[in-house]
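Visitor: Right, I'll just put the structure down here and ask away after.
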Amino acid sequence: GEFKLEDLKPNGGAIPVTKANRHEYVDLYVDWFFNKSCEAQFRSFLRGFGEVCDSDAYNFFNHEELELLVCGSKDLDFIALQKTTMYADGYTKDSTIITDFWDIAHQFTQEEKKNFLAFSTGSDRSPIGGLANLELTISRAGVDCDRLPTAHTCFNQLLIPEYGTKEKLKEKLLKAINNSEGFGLI
């Protein structure tokens, strides 16, 4: 960015801030910082938002509800996710590797939960209605090996080799989710 000097009011650069006018200065600065300095960007966002939401329906929502619609839920309820997850290619909800997986996943920090979601679905956010509305599938990806878990993000499908120990599963899973970036590893 370039350095740009902008008066907060006409001829404002020539007016010193004093004890008598400091409240006016703070009010003008806050208005500039939160409103005027980003007005063009906000107008562009609002125009794009209006194109996607070609309706006045969003006027019925308060700001928290609009944030939920745009950003998704911040609550990452892995118990709800566990209840709705499906299993394939030889895994069931009672498979040892799956019970170990959920023991590990329930111990994830908030950041690890976000990393897991980004790794397995392509988004670190919960869908509207929470993780109970996410259709995750965990599939068997062969026998015990040194490969990391992989994912098909378009299908919300996590592929986990049938590791021999819970410790190996945890090590490989954490390495995969904490080092993935886009369509690869960093």
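Visitor: For n ≥ 4 DSSP H runs only, could you compute -39500 (n - 2.57) per run for the chain, divide by its residues and tell me the 222 nm figure to the nearest 500?
Guide: Here the helix-only value at 222 nm equals -12500 deg cm²/dmol.
Visitor: Using amide H atoms built 1.01 Å from N in the peptide plane, name the residues 5+ places from residue 138, or on other chains, whose amide H lies under 5 Å from its own.
Guide: 86, 87, 88, 158
Visitor: Still on this structure, please answer the following. Using +1 on the beta carbon of Lys and Arg, -1 on that of Asp and Glu, and nothing else charged, what's the dipole of the range 1-131 about the Cα centre, debye to 20?
Guide: Charge dipole of the range 1-131: 360 debye, to the nearest 20.
Visitor: A further question on this structure: What do you get for Rg/Rh over the range 126-166 if you use C-alpha atoms and the Kirkwood form of Rh? Before the final figure, lay out each step's value.
Guide: Details: Rg = 12.5 Å, Rh = 11.5 Å.
Here Rg/Rh amounts to 1.09.
Visitor: Find the lysine pairs in the chain meeting two conditions, Cα atoms under 16 Å apart and a separation of 8 or more places or different chains, and report how many there are.
Guide: 11
Visitor: Still on this structure: Can you work out ³J(HN,Hα) from phi for every residue in the range 53-66, in order, using Karplus 6.51 cos²θ - 1.76 cosθ + 1.60 and θ = phi - 60°, giving whole Hz and x for Gly and Pro?
Guide: Whole-Hz 3J(HN,Hα) from phi for the range 53-66: 9, 6, 6, 8, 4, 5, 5, 7, 9, 8, 5, 5, 5, 5.
Visitor: For residue 132 and residue 45 in the same chain, what is the full-extension length gain: residue separation times 0.36 nm, less their Cα-Cα distance, in nm? Spell out each step's value before the answer.
Guide: Numbers: separation 87, 0.36 × 87 = 31.32 nm, distance 3.00 nm.
Taking residue 132 through residue 45 to full extension adds about 28.3 nm, to one decimal.
Visitor: Report relative contact order for the chain in percent, whole number only (criteria: Cα-Cα under 8 Å, sequence separation at least 6). Don't skip to the end; give the middle numbers.
Guide: Numbers: 204 pairs, mean separation 33.3, N = 186.
Worked out over the chain, it gives 18 percent.
Visitor: So for the range 1-130, taking the charge dipole from beta-carbon charges (+1 Lys/Arg, -1 Asp/Glu), which of 81, 37, 25 sits furthest toward the positive end?
Guide: The Cα lying farthest towards the positive end belongs to 25.
Visitor: Right, next: Could you tell me, in Å, what Rg and Dmax come out for the Cα atoms of the chain?
Guide: Reported Rg and Dmax, both Å: 24.4, 76.
Visitor: What number comes out for the charge environment of residue 28, summing +1 per Lys or Arg and -1 per Asp or Glu over other residues with Cβ under 14 Å away?
Guide: Surrounding charge for residue 28 is -2.
Visitor: Give me a comma-separated list of calculated 3J(HN,Hα) values for the range 86-101, in order, Karplus coefficients 6.51, -1.76, 1.60 applied at θ = phi - 60°, integers in Hz, x for any Gly or Pro.
Guide: 9, 10, 8, 6, x, 8, 10, 5, 9, 4, 4, 5, 6, 5, 5, 4
Visitor: Give the carbon-plus-sulfur fraction of the accessible surface of the chain in %, rounded to a whole number; probe 1.4 Å, heavy atoms of protein chains only.
Guide: 55 percent
Visitor: Taking the Cβ of residue 113 as the centre, find all other residues whose Cβ is under 15 Å away and add up their charges (Lys, Arg: +1; Asp, Glu: -1).
Guide: The answer is -2.
Visitor: How much area per residue is accessible in the chain when the probe is 1.4 Å and only protein heavy atoms are counted (Å²)?
Guide: On the way: 12520 Å² over 186 residues.
Value for the chain: 67 Å² per residue.
Visitor: For residue 144, what residues show an amide H to amide H distance below 5 Å, using hydrogens built from the backbone and excluding near sequence neighbours?
Guide: Here the answer is 162, since their amide H atoms fall under 5 Å of that of residue 144.
Visitor: Here is a further query. Looking at the chain as a GNM with Cα springs under 10 Å, which of 57, 151, 14 has the largest mean-square fluctuation?
Guide: 14
The values are calculated or read from the model by the stated rules, or taken from the named source; none is laboratory data. Computed from a predicted structure; not experimentally measured. We place every Cβ from the backbone using ideal geometry, glycine too, and count neighbours over all the protein chains shown. What goes into the accessible areas is simple: the full protein's heavy atoms, side chains included, and nothing from ligands, DNA or RNA. Shrake-Rupley method; radii C 1.70, N 1.55, O 1.52, S 1.80 Å.
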